[in-house]
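Input: a single structure, listed below in structure tokens.
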Amino acid sequence: MHAVQPLSAKSINRTSLAVSEHCNCHILCLEAEGSQEPNGVLEELASIPVMIPAINASSPEDKDYFLMKGLELAKSFGYTTVNEGRLMAFQQADAVSAVERGLLDIDVMSYADYTAKNVLPLIGRAYQDRYRVAGMKITFDGSPQGRTAWRTTPYLLPPDGQEEGYKGYPAIPDKQVIADLIDEAYQKDWPVHVHANGDAAIDQMIEAIRRSQEKYGLGDRRISLIHGQFLRKDQIPDLKELQIFPSLFPMHTFYWGDWYDQIIGPDLAQQISPMRSVLDAGLIASSHTDAPVALPNLMQVMWATVNRTSRSGKVMGPDERVTPVEGLKAITIWGAYQHFEDGTKGSLEIGKLADMVILSDNPLTIDPAKINTIQVMETIKEGVTVFTRP
């Protein structure tokens, strides 16, 4: 394999790769026009048109199998509502088929990729047989651990093939494309999930949202920052001003905290997913997983949000820890608010749905270091048991 070099999407043979014109990623390089022999790697948005169809089940039987296994896994971890974080256009038909055949016993919401033009008009807040398209998804950059997150300062350890000073890159570098997408969401009152990990990508998001709000007003669209790993503290007031909901990813303190020490330095690594700073600024936030990057284990999510302990046992940012009560709210009522569902879900109150779990221990009284040992014994959806631990 040769060293990876960024190429223009126009240099790719369209018969082998459907790469977006707006993608400025490192992409699969071809030896010659029409060749199928790769000499590089495929990353981020450049990979999606090839990767998603490649891993998507082909037969109806396999599609049903993986759907049911996914639902079983979610229920075993206590989910009564799950979120498909990036629905591609061709996947909508499979979702509708599952709905029509009554395969869903918990609620499923999808955030449709911004390219899914046939799906986006279906965005709404009402479920139909436990399914709804909840909003639009836009990806602004990549991942911190893969060093494709877009930063304002260089990575200390660039990826192979990249020069010193490498900062990652934007998934959609054309500001007008971003502006048009956010404008459309504001015009049509669509909720938007913006995937942005690097602080430069978050700057791009803030700029676009501020511009759209100046045109169309603040409103209440529950625009969400998804992941926000390298969110700077000076960006938090912007989130509050613009009413951007932060959905952070403290699980990375465990899975990747030690790696972040190497690629961005130990001081900045202590500040990843700054949940305490967000709450202290008067915001609420959710804490999530990104399955299948990590198992959707809600007790592990809560444990990481409360403890922020890496694989090696190092505490990653003790000042960014939250209390167990806050950690529990970040996976229940605050997450329900993020999706306009706090009126019916997220807490046990008269008039709300009977969505609940029975746990093996009390996460508010157990030693916080042992929260991730708690198991879900039973998951109940609207009063009906949908999972029981054997």
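Read-outs throughout are calculated quantities, based only on the coordinates presented, and are distinct from any laboratory measurement. Because the structure is predicted, anything quoted here is derived from the model rather than measured. Here the Cβ positions follow ideal geometry from the backbone for every residue, glycine too, while neighbour counts run over all protein chains shown.
Considering only C-alpha atoms, what is the centroid distance from the stretch 184-198 to the stretch 372-390, in Å?
Measuring centre to centre over Cα atoms gives 33 Å.
Kindly provide the helix-only [θ] at 222 nm of the chain, computed as the sum of -39,500 (n - 2.57) over DSSP H runs of four or more divided by all residues, to the nearest 500 deg cm²/dmol?
Calculated from helices alone, the mean residue ellipticity at 222 nm is -9000 deg cm²/dmol.
Would you list which aspartates and glutamates come within 20 Å of Lys233, measuring only between C-alpha atoms, while excluding same-chain residues fewer than 8 positions from it?
The qualifying aspartates and glutamates are Asp141, Asp199, Asp203, Glu207, Glu241, Asp261, Asp267, Asp280, Asp319, Glu320, Glu326.
For Lys69, go through the lysines and keep the ones whose alpha-carbon is under 20 Å away, minus same-chain ones fewer than eight residues off.
Answer for Lys69, where 20 Å is the Cα cut-off: Lys381, listed by chain and number.
Can you give the charge dipole size of the chain about its Cα centre, rounded to the nearest 20 debye, using +1 on the beta carbon of Lys and Arg and -1 on the beta carbon of Asp and Glu?
Dipole size: approximately 580 debye.
With springs only between Cα atoms under 10 Å, which of Gly198, Gly335, Gly161 fluctuates most in a Gaussian network model of the chain?
Gly161
Relative contact order for the chain using alpha-carbon pairs under 8 Å, separation at least 6, rounded to a whole percent?
Answer for the chain is 12 percent.
Pick from Gly257, Gly78, Gly165 the residue whose mean-square fluctuation is largest in a GNM of the chain, springs joining Cα atoms under 10 Å.
Gly165
Using Cα centres only, tell me the gap between the stretch 210-225 and the stretch 271-307 in whole Å.
Answer, in whole Å: 24.
If N is the number of residues in the chain, what value comes out of its Cα radius of gyration divided by 2.2 N^0.38 Å?
0.98
For the stretch 343-390, which GluC sites (Glu not before Pro) are both in a DSSP coil and crowded by at most 13 other Cβ atoms within 10 Å?
Loop-located and lightly packed - Glu349.
For each of Glu72, Glu163, count neighbouring Cβ atoms within 10 Å of the residue's Cβ, then give the residues from fewest to most.
Starting with the residue having the fewest Cβ neighbours, the order is Glu163, Glu72.
What is the diffusion coefficient of the stretch 285-328 in µm²/s, taking the Kirkwood radius over Cα pairs and the Stokes-Einstein relation at 20 °C with a viscosity of 1.002 mPa s?
196 µm²/s
Of all DSSP beta bridges in the stretch 60-388, what percent run antiparallel (nearest 5)?
The antiparallel proportion sits near 25 percent.
7 Å from Cα along Cα→Cβ at both Glu349 and Glu163: what's the point-to-point distance in nm?
In this crude label model, Glu349 to Glu163 measures out at 5.7 nm.
Which of these, Glu214, Glu84, Glu164, has the largest mean-square fluctuation under a Gaussian network model of the chain (Cα springs below 10 Å)?
Glu214
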